[in-house]
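Some notes on the structure that comes next.
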Amino acid sequence: MTHNLDFFAATVLNITPDHLDWHESFEEYKACKMKILKDAKHVVTCNEDLSPLDKNKRVAADLARLAGASEEAIQTVLKNFKGLEHRCETVLDREGVTWINDSKATNLDAAMAAIKGLTPCDHLIMIAGGRAKTDLAPLKLYLRESVAELIVLGESAAQFKDIDDRAIMV
């Protein structure tokens, strides 16, 4: 484990109960993340209520300014940046249907942020599954209010079905 980090600039965009299979507790995980900021010469934060992509863009722009990038270059990059693969990435738009890959949403906060960022939507169909790292109950309201159809698979399929009886298990 690294004990001394000496960054010119640093940020922590979110702290959620993730990676608890690696850390002893949420408190220990949070303490490890906060070490990133400890010795940084500049700490960049964004406490605004923005979508994850917009928050990332804001912080990236601030970090670029600190590194000496011109405002013109920053604005050009922000204008042309389409996001990262597997993070609310539009992969196909055909016949009025938009297919979005958000397979990097591997925790509740990421999934809830994605659902929030994609609504309002005429008919949001969510495919979810894998291994649940935590209780899925906090997703219940998001699923009920924003997701028209839920298709579930993998180890967590039954857990999804428990919180939303409309879930289709495959």
Got at least one residue in the stretch 110-132 being open to solvent by 50 Å² or more (accessible area, probe 1.4 Å), of a type in the set (Lys, Arg), in contact with a helix residue (DSSP H, G or I) (Cβ under 9 Å, 6 or more places away or on another chain) and under 20 Å from TRP99 (Cβ atoms)? yes
Report yes if some residue within the stretch 20-40 is polar (S, T, N, Q), open to solvent by 60 Å² or more (accessible area, probe 1.4 Å) and either on the phi > 0 side of the Ramachandran plot or without any contact (Cβ under 8 Å) to a residue 60 or more places away in the chain (or both); otherwise report no. no
Test: VAL152 is exposed (fewer than 11 other Cβ atoms within 10 Å of the Cβ) and aliphatic (A, V, I, L, M): no
Does the stretch 134-151 include one or more residues that are in contact with a Gly (Cβ under 8 Å, 6 or more places away or on another chain) and in a loop (DSSP other than H, G, I, E, B)? no
Pairing a residue in the stretch 91-105 that is farther than 19 Å from GLY154 by Cβ with any residue that is open to solvent by 90 Å² or more (accessible area, probe 1.4 Å), where Cβ atoms lie under 7 Å and the two sit 6 or more apart in sequence or on different chains, gives VAL91/TRP99; LEU92/TRP99
Counting only residues in the stretch 41-56 that are in a loop (DSSP other than H, G, I, E, B) and open to solvent by less than 60 Å² (accessible area, probe 1.4 Å), the one modelled with the highest pLDDT is identified as VAL44
Pick out the one residue from ALA73, ALA114 that is more than 30 Å from ALA158 (Cβ to Cβ) and of a type in the set (A, V, I, L, M, F, W, C). ALA73
Would you please list the contacts, defined by Cβ atoms under 6 Å and residues six or more apart or on different chains, that run from a residue in the stretch 49-76 that is of a type outside the set (A, V, I, L, M) to a residue that is surrounded by 13 or more Cβ atoms within 10 Å (Cβ to Cβ)? SER51/GLY117; PRO52/ALA113; LYS55/CYS46; LYS57/LEU78; ARG58/CYS46; ASP62/VAL44
Close pairs from the stretch 149-163: first touching a residue at least 12 places away in the same chain (Cβ under 8 Å), partner open to solvent by 50 Å² or more (accessible area, probe 1.4 Å) and part of a loop (DSSP other than H, G, I, E, B), Cβ under 7 Å, at least 6 apart: LEU150/ARG166; ILE151/VAL170; LEU153/VAL170; GLY154/ARG131; GLU155/ARG131; SER156/ARG131
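The values are calculated or read from the model by the stated rules, or taken from the named source; none is laboratory data. Small disclaimer: the values here were computed from a predicted structure and weren't measured. Methodologically, a virtual Cβ is constructed for each residue, glycine included, from the backbone with ideal geometry; neighbour enumeration extends over all protein chains shown. Just so you know, the surface numbers come from the protein's heavy atoms only, side chains and all, with ligands and any DNA or RNA stripped out. Shrake-Rupley method; radii C 1.70, N 1.55, O 1.52, S 1.80 Å.
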